[in-house]
1. Which residue pairs have Cβ atoms closer than 6 Å, lie 6 or more positions apart in sequence or on different chains, and pair a first residue in the range 139-155 that is farther than 20 Å from residue 51 by Cα with a second residue that is at pLDDT below 85 and not in a loop (DSSP other than H, G, I, E, B)?
2. Scan the range 194-216 and tell me whether some residue there is surrounded by 15 or more Cβ atoms within 10 Å (Cβ to Cβ), touching a helix residue (DSSP H, G or I) at 6+ places or on another chain (Cβ under 8 Å) and closer than 16 Å to residue 139 by Cα.
3. In the range 29-52, is there at least one residue being in contact with a strand residue (DSSP E or B) (Cβ under 6 Å, 6 or more places away or on another chain), part of a loop (DSSP other than H, G, I, E, B) and farther than 20 Å from residue 106 by Cβ?
4. Within the range 53-77, track down each residue that is buried (at least 16 other Cβ atoms within 10 Å of the Cβ), touching a helix residue (DSSP H, G or I) at 6+ places or on another chain (Cβ under 6 Å) and outside any strand (DSSP E or B).
5. Based on this model, can you work out whether residue 224 counts as within 25 Å of residue 55 (Cα to Cα), part of a loop (DSSP other than H, G, I, E, B), modelled with pLDDT of 90 or more and in contact with a strand residue (DSSP E or B) (Cβ under 8 Å, 6 or more places away or on another chain)?
6. Name the single residue that is surrounded by the fewest Cβ atoms within 10 Å (Cβ to Cβ) among those in the range 163-185 being in a loop (DSSP other than H, G, I, E, B) and modelled with pLDDT of 95 or more.
7. Filter the range 81-125 down to residues that are assigned to a loop (DSSP other than H, G, I, E, B) and surrounded by fewer than 17 Cβ atoms within 10 Å (Cβ to Cβ), then give me how many there are.
8. Which of the residues that make up the range 134-162 are under 26 Å from the mean Cα position of the chain (by Cα), exposed (fewer than 12 other Cβ atoms within 10 Å of the Cβ) and assigned to a helix (DSSP H, G or I)?
């Protein structure tokens, strides 16, 4: 499977059409894709960091820092592709990426148990599993609202405000996975130093669990209804660009990110030139 670095705008077309969440991670650095025989993108994987890059890696591997790892932000494939295409695509992406970035020790990602995903696709790619955490989200008419987004309404709502807004508050699991790109010797040392145990003792569907906040207490519940992510800001520039459907040349790469996390210079990562596969010495917000 041939993998190439693609333009964020091409990748977003596929994500908008097929992914359950249209929100792109702010700290996206690379977008890898695969083209079908017609030249259209039918698979996309973004690499970058989550909202707290340094905190994330230091908590798991104290010796590493942001320049030593990347996170899978979005993984999206055309629904027409055959089964097992996801694992084949991920494996091909990591194999290709490793050629150009030997300085990256590992790839980290989460499987969202809140939405019923134990991480089967990562298990099929031989990622190591590092346990889970409980996370919480709000839901309104089937749309997911991340707790960080509640700042738009003055902070997390109390029980009374939840009822007034018509929101539902759920807890669910997030499952950790990582894939080492470094040497076997370095991997062995990192596993020894890690603060969590990594193994192939993978979670199953039976390990999924949800709790709902009802009248001031948490009770075991069914999974929340989910239709998509509610976006207060709506990643507006990308979203509005897509709705108007201009040609790629009509949309400046500088407009891709509200805070220019994607755009760093005119010759590298920002415009997603092939040269972006060569390591860039950019500052990473921690």
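The values are calculated or read from the model by the stated rules, or taken from the named source; none is laboratory data. Remember, it's a predicted structure, so these values are computed and weren't measured experimentally. For neighbour counting, all protein chains shown are included, and Cβ atoms are generated from backbone atoms with ideal geometry for every residue, glycine included.
1. As it stands, the answer is 143/228, since those pairs meet every condition given.
2. Yes: the range 194-216 contains one or more residues that are surrounded by 15 or more Cβ atoms within 10 Å (Cβ to Cβ), touching a helix residue (DSSP H, G or I) at 6+ places or on another chain (Cβ under 8 Å) and closer than 16 Å to residue 139 by Cα.
3. yes
4. Matches in the range 53-77: 53, 61, 64, 66.
5. Values: within 25 Å of residue 55 (Cα to Cα): no; part of a loop (DSSP other than H, G, I, E, B): yes; modelled with pLDDT of 90 or more: yes; in contact with a strand residue (DSSP E or B) (Cβ under 8 Å, 6 or more places away or on another chain): yes.
Judged against the criteria, residue 224 is not a match.
6. To start, the set of residues in the range 163-185 that are in a loop (DSSP other than H, G, I, E, B) comprises 166-167, 181-183.
Cutting the leftovers down to modelled with pLDDT of 95 or more gives us 181-183.
Numbers: 181: 20, 182: 18, 183: 11.
So, considering only residues that are in a loop (DSSP other than H, G, I, E, B) and modelled with pLDDT of 95 or more, the one surrounded by the fewest Cβ atoms within 10 Å (Cβ to Cβ) is 183.
7. Applying the first criterion (assigned to a loop (DSSP other than H, G, I, E, B)) to the range 81-125 yields 81-84, 101-105, 116-119, 125.
Narrowing the set further to residues that are surrounded by fewer than 17 Cβ atoms within 10 Å (Cβ to Cβ) leaves 81-84, 101-103, 116.
Of the residues in the range 81-125, 8 are assigned to a loop (DSSP other than H, G, I, E, B) and surrounded by fewer than 17 Cβ atoms within 10 Å (Cβ to Cβ).
8. 148, 151, 152
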